[in-house]
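The values are calculated or read from the model by the stated rules, or taken from the named source; none is laboratory data. Because the structure is predicted, anything quoted here is derived from the model rather than measured. Ideal geometry is used to build each Cβ from the backbone, glycine not excepted, and the neighbour counts take in all protein chains shown.
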Amino acid sequence: MLLLFSVLSFILAYILRDAVVPHPAPPTMRRANVSVVTQMTSTKLADLAPYTEFARAAYCSPTIVTGWHCGQACEAVPSFNVSLTGGDANRIQYYYVGYWPTENSVVVAHQGTDPFKLLSDLTDANVPKKPLSVTLFPGVDSSVEVHSGFADEHALTASIILNEVKSLISQYNARSVTLVGHSLGGALAELDCVFMALNLPSNIAIKGVTYGTPRVGNPAWAALFDSLISDFRRVNNKKDIVPIIPGREMGFSHVGGEVHIISFGNAVECPGDDDATDAHCTIMSVPNILEGDILDHMGPYQGIHIGTIYCT
């Protein structure tokens, strides 16, 4: 019931904002028709499973993530070594950092929105955009704007996480950093991708895998992201409505890399950023929030559900 109330509250706020705030022009469609929708192979889909489990584990309390004792999610990636955990699932989402020997990669994962925590919901509802912090994102032009709530949440832990990432890179001679998250956690992971790219040596590869991620910034953000991050998957499940908010009419645009799960074992990779025209891609199959299903937000992502109640 609280989940339904949270969703309805967001929808009402969205509608009221539409009624009183003049809309900027829709973002320019930059990459339409550059490629076609591609069916994902079973191998590619199976390869996503560890990242899905990392995103699932981010909803577990740091008291059990420390030591990697978070049930099925932790058991699915047994070689992972956690070095830092934090957050309170309220003002600061849970997060953890660790080393994944299988991929010789440092992994950073952020918890998504818990509808039972009011402050988290308010973060999601803080729709106005603002430029990125010049301290955290050096050299980025002020025309690049992102969701204020996401930026503020990211800033709370950015420096702490970066210091731990640098330490693990040095300790293990890691060659890459992997950013993972679901929902709000996916937005934080998207911000982290650019943050890490700008603050780590250029020989460290940056990889991102997110789930049910809302739009994070304006078209300038999407262009910057696409120019810096080439290894990125933004996974959407069926009729999930979260990936279509905040709306493009508010000046927001997704980055590239959409993977849309249509049904179990059936997913496609969609072209462009927020401009795919194929019926299988989210922007066409979920044209508005009334035609979506919020329950798809929690999965299953190839058989794996993500959310607080699935931390077992």
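Looking only at region 78-87, which residues are within 19 Å of the chain's Cα centre (by Cα) and not in a strand (DSSP E or B)?
G87
Is it fair to say A155 is free of Cβ contacts under 8 Å to residues at least 40 places away in the same chain and either buried (at least 16 other Cβ atoms within 10 Å of the Cβ) or farther than 27 Å from C270 by Cα (or both)? Walk me through it before giving the result.
Numbers: free of Cβ contacts under 8 Å to residues at least 40 places away in the same chain: yes; either buried (at least 16 other Cβ atoms within 10 Å of the Cβ) or farther than 27 Å from C270 by Cα (or both): yes.
When the stated conditions are applied, A155 passes them.
Quick check: is even one residue across region 213-225 over 25 Å from P131 (Cβ atoms) and β-branched (V, I, T)? Quick ask: steps written out before the conclusion?
First, pick out the residues of region 213-225 that are over 25 Å from P131 (Cβ atoms): none.
Within region 213-225, not a single residue is over 25 Å from P131 (Cβ atoms) and β-branched (V, I, T).
With the requirement that a residue be assigned to a helix (DSSP H, G or I) and either hydrophobic (A, V, I, L, M, F, W, C) or within 16 Å of L188 (Cα to Cα) (or both), what does region 212-225 give you?
Residues of region 212-225 assigned to a helix (DSSP H, G or I): 219-225.
Those that are assigned to a helix (DSSP H, G or I) and either hydrophobic (A, V, I, L, M, F, W, C) or within 16 Å of L188 (Cα to Cα) (or both): A220, W221, A222, A223, L224, F225.
Restricting to region 244-279, count the residues that are assigned to a loop (DSSP other than H, G, I, E, B) and over 18 Å from E145 (Cα atoms).
Here the count works out to 11.
Can you pull out the residues in region 37-63 that are in contact with a helix residue (DSSP H, G or I) (Cβ under 8 Å, 6 or more places away or on another chain) and either surrounded by fewer than 16 Cβ atoms within 10 Å (Cβ to Cβ) or not hydroxyl-bearing (S, T, Y) (or both)?
E53, F54, A55, R56, A57, A58, C60 - these are the residues of region 37-63 that are in contact with a helix residue (DSSP H, G or I) (Cβ under 8 Å, 6 or more places away or on another chain) and either surrounded by fewer than 16 Cβ atoms within 10 Å (Cβ to Cβ) or not hydroxyl-bearing (S, T, Y) (or both).
Between residues in region 81-96 that are on the phi > 0 side of the Ramachandran plot and residues that are among the basic types (K, R) and outside any strand (DSSP E or B), which pairs lie under 6 Å by C-beta distance while being six or more apart or on different chains?
Close Cβ pairs satisfying both conditions: A89/K117.
For the subset of region 226-248 comprising residues that are under 19 Å from V194 (Cα atoms) and touching a residue at least 24 places away in the same chain (Cβ under 8 Å), which member is surrounded by the most Cβ atoms within 10 Å (Cβ to Cβ)?
Among those that are under 19 Å from V194 (Cα atoms) and touching a residue at least 24 places away in the same chain (Cβ under 8 Å), it is V235.
Taking only region 186-232 into account, find how many residues are within 16 Å of H297 (Cβ to Cβ) and among the aromatic types (F, W, Y).
1
Name the single residue that is surrounded by the fewest Cβ atoms within 10 Å (Cβ to Cβ) among those in region 185-204 being of a type in the set (G, A, S) and either in contact (Cβ under 8 Å) with a residue 40 or more places away in the chain or in a loop (DSSP other than H, G, I, E, B) (or both).
Per the stated criteria, the residue is S202.
For region 280-312, give me the residue count where each residue is part of a loop (DSSP other than H, G, I, E, B), of a type in the set (A, V, I, L, M, F, W, C) and modelled with pLDDT of 90 or more.
3
How many residues, within region 85-109, are more than 23 Å from G149 (Cβ to Cβ) and surrounded by fewer than 19 Cβ atoms within 10 Å (Cβ to Cβ)?
Counting residues in region 85-109 that are more than 23 Å from G149 (Cβ to Cβ) and surrounded by fewer than 19 Cβ atoms within 10 Å (Cβ to Cβ) gives 4.
Can you tell me how many residues within region 276-303 are at negative phi and surrounded by fewer than 21 Cβ atoms within 10 Å (Cβ to Cβ)?
The qualifying residues number 16.
Taking region 216-248 on its own, how many of its residues are of a type in the set (D, E) and under 21 Å from D141 (Cβ atoms)?
Matching residues across region 216-248 total 1.
Take the residues of region 138-152 that are farther than 16 Å from D226 by Cα and under 21 Å from the mean Cα position of the chain (by Cα): which is surrounded by the most Cβ atoms within 10 Å (Cβ to Cβ)?
Ranking the qualifying residues of region 138-152, first place goes to H147.
Is it the case that D231 is out of contact with any His (no Cβ under 7 Å at 6 or more places or on another chain) and closer than 22 Å to M40 by Cβ?
Criteria met by D231.
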